[in-house]
1. Students often forget the sequence filter, so: which lysines lie under 18 Å Cα-Cα from Lys15 once same-chain residues fewer than 8 apart are removed?
2. With +1 assigned to the C-beta of every Lys and Arg and -1 to the C-beta of every Asp and Glu, and no other charges, what is the dipole magnitude of the chain about the Cα centre in debye, to the nearest 20?
3. Whole Å is fine, so just give me how far the alpha carbon centre of the stretch 68-88 lies from that of the stretch 6-30.
4. Quote the Stokes-Einstein diffusion coefficient, in whole µm² s⁻¹, for the chain, based on the Kirkwood radius over alpha carbon pairs, a temperature of 4 °C and a viscosity of 1.567 mPa s.
5. Lysines near Lys69 by alpha-carbon distance under 22 Å, same-chain residues fewer than 8 away left out - which ones?
6. Just to confirm my understanding: which cysteines in the chain have no other cysteine beta carbon less than 4.7 Å from their beta carbon?
7. Relative to the present Cα-Cα distance, how much length would full extension add between Ser61 and Ile40 at 0.36 nm per residue of separation?
8. Hey, what number do you get for the chain at 222 nm if only DSSP H runs of n ≥ 4 count, each worth -39500 (n - 2.57), divided across all residues, to the nearest 500?
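Every number in this text was worked out from the coordinates using simple rules, so none of it is lab data. Bear in mind the structure is a predicted one, so any value in this text is a computation, not a measurement. Cβ placement follows ideal geometry from the backbone for every residue including glycine, while neighbour counts extend to all protein chains displayed.
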Amino acid sequence: MNDINKKLWYQALDKAVPETYTQLSPEQLDKAIDAYTELIIKECMGVCGQVADDAHKQKSSSFLTADGKQLYNGVWGGAMNCGAGIANHFGIE
């Protein structure tokens, strides 16, 4: 968990339920933010993974030219790096 996650979490709480979240203990807040952040980040990483999988299938197509295969190879690499970049940025392993 890093400071970006906490900042976004508290902004969301202030906007959505400012009257109730202050009644939670710091430990409860930390536990909730950790669980929420992990779910969101893994969902985003999953989207990158799906783009990578789709690009991998496309680059293997016999209907593509060499240039088309190279394009999908680039999309695959970008999607793989995107997922890793998201995880690194938010401190998720």
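1. Lys6, Lys7
2. Numbers: 8 positive and 12 negative charges, 76 e Å.
Dipole size: approximately 360 debye.
3. A separation of 35 Å, based on Cα centres.
4. Numbers: Rh = 15.4 Å.
Once the numbers are plugged in, D ends up at 84 µm²/s.
5. Partners within reach: Lys57, Lys59.
6. Cys44
7. Numbers: separation 21, 0.36 × 21 = 7.56 nm, distance 3.24 nm.
Taking 0.36 nm per residue and subtracting the Cα distance, the gain is 4.3 nm.
8. Details: 3 runs with 73 residues, N = 93.
-27500 deg cm²/dmol, from helical runs alone.
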